[in-house]
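Asker: Dropping a structure here in structure tokens format, bear with me for questions.
Computed from the coordinates by the stated procedures, all read-outs in this text should not be read as laboratory data. Everything numeric here is computed off the predicted structure, so don't read it as measured data. Don't worry about glycine lacking a Cβ; one is built from the backbone with ideal geometry, like all the others, and counts go over all protein chains shown.
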Amino acid sequence: MSSAVQKRRPPTAQQFVLEELRRAITTGELRPGGQIRQDALAARLDVSRVPLREALKTLEAEGLVVHHVHRGYFVAELSLADLEEIYRIRELLETEAVRLAVVRGEDGLVATLERIQREVERAADAGDVTAMAAANRRFHFTLIEASGMPRLVRLIGTLWDATDAYRSLYYTEVQNRELAVREHRAVISAVRHGDENAAVRELSDHRAHAVAALREVLDLE
């Protein structure tokens, strides 16, 4: 993990470790199923084992890591059935959020989506998977948050957290990055025209393509 990150440490060691662990998991630096070696990690982050253990407990509660007695902590690994269930629940919740967002027609929403989309496309062109995954999340949650339903947004966020590591795997392939760019543009067009049905349809296709690609990844591993 980059020493440069330490210059931007949050107020406490536990928060710093939590932020770094979550970043490493969601970017794929710590891969699904991989063991988290606490001694080496504590040394790399220049922290004691105490904040590391507390951060791991938090991530375990969030479902990002699992603890095996006598073996230690591992990055949570999803089965194909888990992944498909999460994406199905996302579809149900996000459909409601997106319909509300489009109907509300919040001022500046389209302009904000277009700005973030430029970040997505720059990252896609550069092959920067980490930056693309982060910009992609900002894109989707800008639209979801425009629903004006914070509890719904939090529920959807939990589902996203559980699959972030797999999303990074998806963006590793050039064709997946290019497809996501085209699909985002179609979503923006639907939102611009106030077409909630089109927005829902485009996002449904977007999720389906991701699941199909990840299904192949999970079958291979």
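Asker: Suppose R0 equals 30 Å. What FRET efficiency, 1/(1 + (r/R0)^6) with r the Cβ-Cβ distance, do R182 and I89 give to the nearest 0.05?
Answerer: 0.75
Asker: Among the helices of the chain (complete DSSP H runs), which have Cα atoms covering no less than 18 Å along the helix axis and a Kyte-Doolittle mean of at least -0.5?
Answerer: Those that pass (Cα extent of 18 Å or more, hydropathy at least -0.5) are 13-26, 49-62, 80-104, 109-126, 129-145, 150-171, 174-192, 196-220.
Asker: Here's another thing I want to ask about it. What whole number of Å gives the distance from the Cα centroid of region 161-221 to the Cα centroid of region 84-154?
Answerer: Each part's Cα centre sits 11 Å from the other's.
Asker: Please report, in debye to the nearest 20, how large the charge dipole of region 78-173 is about its Cα centre when each Lys and Arg carries +1 at its beta carbon and each Asp and Glu carries -1 there.
Answerer: Here region 78-173 has a charge dipole of around 280 debye.
Asker: Now for a separate question. When the Kirkwood radius is taken over all Cα pairs of region 109-221, what Stokes-Einstein diffusion coefficient follows at 25 °C and 0.890 mPa s, in µm²/s?
Answerer: Estimated via Stokes-Einstein, D reaches 170 µm²/s.
Asker: May I ask you to work out the translational diffusion coefficient for the chain at 4 °C, viscosity 1.567 mPa s, via Stokes-Einstein with Rh from the Kirkwood sum over Cα pairs, reported in whole µm²/s?
Answerer: Once the numbers are plugged in, D ends up at 70 µm²/s.
Asker: For region 64-106, state the average projected area of the convex hull of the C-alpha atoms over all orientations, rounded to one decimal in nm².
Answerer: For region 64-106, averaging the hull's shadow over all directions gives 4.4 nm².
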